[in-house]
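Everything below concerns the one structure shown next.
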Amino acid sequence: MKRPCEYLKKIPAVFVLMILGLVGLAPGLVEAEEIRSRIGLGAFLAVHNTGSSDLNDVDANFDTVPIVGISGVYLINNTFSVELSTTSLSTDLELEYDGKSGTLGEIQQIPILLTARYRHPIKKTRANVYLGLGGGYFINSFDHDKRNDQAEFFGLNLRSADISNSYGWLANVGTELFFKKHYSVYLDLKVIFTQAEFDLTHLDGTVEKQDAAMNASVLGIGFNYYF
């Protein structure tokens, strides 16, 4: 069975190279300046990858999907900021057991994430790197339209499934480059830790509750406009 978010082992090197490339554009722009308290609005494009999990004692796998989202940032000063972000995504839930697999349905999720960040300005540039911690509320729903026919679903005796909303926490790292007073671009990585409760309805009508980890990584690029 795949371990949750095992693909994260490949991310750090790629992410570091992306950060170095972005910061490499910064020298020679403008000397770092004191940032006054202000608000920014932005948008981002990212790849959302949910790790493997267990559901009803079988392997549960999720699709990797592209996402587009929006965010709001409150710059407190040069050192601290707070970000509120959200998006909408859909990913197939595939169960695998004894060499057989089938799609149980599609999970639809709206994550609402709040992240507090420590920012470290890079001297003689308008760039900074940041580390953050935060939490999130995840609005979850389940769609059976993509489910395989029961004959193809390898006899797990599952008629339907539902999923509850959930909470979680996250770790965040990234870099932001200000091109002008009001504009910036950034690279961002969030690693999210959460689990959701599934209600599994069997063919005989009994309902079984199961918790499944839905840990994920979100790697993306975005821009902000600051007022």
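Give me the extension gain from ASP162 to ILE221: residue separation times 0.36 nm, minus the current Cα-Cα distance, reported in nm with one decimal.
18.0 nm
With a point put 7 Å past each Cα toward its Cβ, work out how far SER141 is from ASP59 in nm, to one decimal.
Calculated label separation equals 3.1 nm.
With r as the distance between the Cβ atoms of VAL82 and LYS209 and R0 = 25 Å, compute the FRET efficiency 1/(1 + (r/R0)^6) and round to 0.05.
Working: r = 35 Å, r/R0 = 1.40.
Given R0 = 25 Å and the Cβ-Cβ separation, E is 0.10.
What is the local net charge at GLN195, summed over the other residues whose Cβ is closer than 11 Å to its Cβ (Lys, Arg +1; Asp, Glu -1)?
Around GLN195, the charge tally is -3.
Applying 1/(1 + (r/R0)^6) with R0 = 45 Å to the Cβ-Cβ distance of LYS180 and HIS202, what FRET efficiency is obtained, to the nearest 0.05?
0.15
What FRET efficiency do you get for LEU41 and GLN108 if R0 is 22 Å and r is their Cβ-Cβ distance, rounded to the nearest 0.05?
Calculated transfer efficiency: 0.30.
If you average the alpha carbon positions of the stretch 170-220 and of the stretch 44-58, how far apart do those two centres end up, in angstrom?
Centre-to-centre distance over Cα atoms comes out at 9 Å.
Any read-out appearing in this document is the output of simple, stated calculations on the displayed coordinates, not a laboratory observation. As the structure is a prediction and not an experimental result, all values here were calculated from the model. Don't worry about glycine lacking a Cβ; one is built from the backbone with ideal geometry, like all the others, and counts go over all protein chains shown.
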